[in-house]
Amino acid sequence: RVTVLPHGSLRIVNASKSDEGRYLCQGVNVFGSAEIIASISVKEPTRIELTPKKIELTVGESIVLSCKALHDSTLDVTFYWTLNGQPIDFEKEGGHFESIKAQASSADLMIRNILLIHAGRYGCRVQTAADTVSDETELLVRGPPGSPGVVIVEEITDTTATLSWSPGADNHSPISLYNLQARSPFSLGWQTVKTVPELISGDMESAMAVELNPWVEYEFRVVATNKIGTGDPSAPSRLIRTNEAVPKTPPANVSGRSGRRHELVIAWEPVSEEFQSGEGFGYIVAFRPNGTRGWKEKMVTSSDASKFIYRDESVPPLTPFEVKVGVYNNKGDGPFSPVVVICSAEGEPTAAPIDVKATSLSVSEILVAWKHNKESLGRPQGFEVGYWKDMEQEEAAEKVKTEGNESSILLTGLEGNTLYHLTVRAYNAAGYGPLSTAVHAATKKSPPSQAPGNIMWMQDGSHVSLGWEPVRPLANESDVMGYKVLFRQEGQSNSQVIETQKTSAVVLLPDVGVYIIEVCAVSEGGDGTASSQIRVLSFSGGKVTSGQPTLHLLSTSSSSVTLLLALMVPSTSW
């Protein structure tokens with residue numbers, strides 16, 4: 001058990017506590033001796049237990065691995081975790097791993113929200129100053145299947161495609177089902193397609209996509225499913241186009257549209273390119289007067305066309321026709337839409353509006369009113385009013401339209417004191433009817449440009465007595481019909497109004513505060529220029545502090561002062 005080796009070392013096998021102590025090694029030769037002393041302490045061996053020993057989990061689950069160490073109580077232990085022999089970096093694993101050490105002699109590894117990449121051999125290594133021991137456990141992760149291999153298009157017809165693929169990894173759960181998907185320029189992303197067989201079992205590696213549209217470009221891909229879930233799709237197949245075929249989809253919503261007299265306007269929703277089934281796509285428009293036998297057919301060669309106009313001078317307005325629209329391409333003629341009955345155009349209105357009247361409302365507004373002539377053929381969709389100045393030509397007329405059954409319109413933004421000529425005519429989708437006889441109206445003269453002058457006012461508490469010189473309009477301005485006194489509290493936008501035909505007024509200020517007062521003339525052409533603003537402090541019913549009413553003047557004219565005093569001051573005060 002104890003051996004001195006040839007080079008002088010001492011080997012002790014199967015050491016025990018009895019071997020503890022101080023050991024002296026002495027070397028001797030003819031010249032003398034030398035010695036060294038070594039102290040040996042014998043520790044209990046470290047043992048560890050890693051549980052559980054073998055684990056099978058599903059993607060998304062969590063697990064705790066527990067590592068317990070039995071070691072000499074005089075030694076400190078350190079725990080290390082590895083995955084497939086590589087140290088686990090807890091800061092770079094996205095929060096999936098966490099090391100938990102609740103006691104000095106044990107450590108746990110928490111693995112959260114497990115992914116497929118977390119499968120492998122997990123190791124726990126325990127290190128002391130005396131020895132190092134380790135243990136491993138195997139983690140198997142079940143998950144959805146991996147991506148199938150490349151999808152190969154084996155055969156193409158006008159409505160089918162035979163496809164094959166290679167299976168991907170089953171990730172420890174057998175593949176139970178495959179799903180075949182297709183994408184075209186007309187689909188919203190990838191769509192599941194019908195197949196033969198209808199259900200593609202997990203042991204199959206080929207299937208046929210059916211009910212495809214002819215002459216459409218497709219890509220295909222395969223998705224695998226097992227008990228855990230559905231995996232990622234395969235890479236798309238190469239782009240292929242199905243073969244041409246006779247079109248099978250007729251236009252939808254065949255109907256009539258408004259047109260000119262003697263026209264039959266047939267409209268429809270164009271067939272999408274997805275359903276045109278080949279090159280040379282167009283429409284066959286068939287129609288006949290209601291109750292007759294033979295169909296008249298016309299070809300429309302544009303695939304984008306949405307209407308056809310048939311004109312025949314012998315066709316009266318609103319004649320009923322049976323109509324159907326079919327499709328064709330280079331492969332042949334497809335089906336017709338269901339037969340519908342539509343009528344030929346009723347034409348544009350044939351009579352002018354009656355009782356046209358124009359009324360001047362202000363300096364810039366004229367109201368135009370009329371009545372629809374019920375004897376007119378062609379129902380109106382609205383009316384057009386044309387207007388021009390007396391010195392202009394009718395060709396320069398400005399125009400404004402109404403819609404529906406409106407029978408009047410207010411023209412605004414006109415020039416003041418100007419004579420206008422006005423006409424009215426009805427219109428619909430077929431065109432315009434005849435003009436009415438022109439009527440005439442002159443806008444009002446402009447309001448007075450002169451503001452009320454020499455304003456004087458006298459305040460007695462909340463009562464303000466005002467007086468001013470009369471406004472004398474110019475020759476091209478409207479006559480004065482009266483006056484407006486506008487007043488408002490400072491800081492507000494809405495004014496209260498007092499109207500009078502005199503050149504004086506008394507204003508009652510309702511609340512305490514500063515008021516802004518203005519005066520303007522009123523005329524047929526609107527309100528004239530306002531006077532300069534007057535600022536008045538209201539005492540809300542009380543008297544001014546001087547005990548006497550105070551007279552104020554907004555002009556230096558002495559004659560005006562005398563006139564206003566005569567108007568505003570009681571005779572007993574003279």
Restricting region 321-356 to residues that are closer than 26 Å to E406 by Cα and charged (D, E, K, R), the one most open to solvent (accessible area, probe 1.4 Å) turns out to be D355
Going residue by residue through region 297-312, is there one that turns out to be outside any strand (DSSP E or B), open to solvent by less than 20 Å² (accessible area, probe 1.4 Å) and β-branched (V, I, T)? no
Of the conditions (1) within 16 Å of N373 (Cβ to Cβ); (2) at pLDDT 90 or above, Q393 clears all except one; give me its number. (1)
Hey, G60 hits all of (1) among the small types (G, A, S); (2) within 30 Å of G21 (Cα to Cα); (3) under 53 Å from the mean Cα position of the chain (by Cα) but one; which does it fall short on? (2)
When you check G294 against the structure, is it at pLDDT below 95, small (G, A, S) and more than 35 Å from the chain's Cα centre (by Cα), yes or no? yes
Kindly indicate which of A358, A351 is in contact (Cβ under 8 Å) with a residue 12 or more places away in the chain and in a loop (DSSP other than H, G, I, E, B). A351
Out of all the residues in region 91-99, is one or more in contact with an Asp or Glu (Cβ under 6 Å, 6 or more places away or on another chain) and either open to solvent by 60 Å² or more (accessible area, probe 1.4 Å) or in contact (Cβ under 8 Å) with a residue 24 or more places away in the chain (or both)? no
Condition check for N454: at pLDDT below 90 and either in a loop (DSSP other than H, G, I, E, B) or surrounded by 14 or more Cβ atoms within 10 Å (Cβ to Cβ) (or both): no
Can you find a residue in region 130-151 that is open to solvent by less than 60 Å² (accessible area, probe 1.4 Å), within 30 Å of V196 (Cβ to Cβ), at pLDDT 95 or above and part of a strand (DSSP E or B)? no
Restricting the first residue to region 152-169 and requiring it to be in the same structural domain as A224 (by the TED database), which pairs with a second residue that is among the aromatic types (F, W, Y) and part of a strand (DSSP E or B) meet a Cβ separation below 6 Å and a spacing of at least six or different chains? L163/F220
Would you mind stating whether L318 is open to solvent by 40 Å² or more (accessible area, probe 1.4 Å) and modelled with pLDDT under 90? yes
Just checking, how many residues over region 39-70 are more than 27 Å from G120 (Cβ to Cβ) and in contact (Cβ under 8 Å) with a residue 40 or more places away in the chain? 2
Where a residue in region 301-320 is at negative phi and its partner, wherever it lies, is open to solvent by 70 Å² or more (accessible area, probe 1.4 Å) and among the β-branched types (V, I, T), with Cβ under 7 Å and at least six apart: P320/V341
Selection from region 440-449 of residues surrounded by 17 or more Cβ atoms within 10 Å (Cβ to Cβ) and either farther than 30 Å from G378 by Cβ or among the polar types (S, T, N, Q) (or both) yields T443, K444, K445, S446, P447, P448
What number goes with the only condition from (1) modelled with pLDDT under 90; (2) touching a Gly at 6+ places or on another chain (Cβ under 8 Å) that T503 does not pass? (1)
Selection status of S344, under 30 Å from I284 (Cα atoms) and touching a residue at least 24 places away in the same chain (Cβ under 8 Å): yes
Every residue in region 405-439 that is charged (D, E, K, R) and either open to solvent by less than 60 Å² (accessible area, probe 1.4 Å) or closer than 13 Å to K357 by Cβ (or both), please. R425
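The values are calculated or read from the model by the stated rules, or taken from the named source; none is laboratory data. What you see is a predicted model; the values in this text were computed from it and never measured. Note that each Cβ is placed from the backbone with ideal geometry, even for glycine, and that neighbours are counted across all protein chains shown. Only protein heavy atoms, including side chains, enter the accessible area calculation; ligands, DNA and RNA are left aside. Shrake-Rupley method; radii C 1.70, N 1.55, O 1.52, S 1.80 Å.
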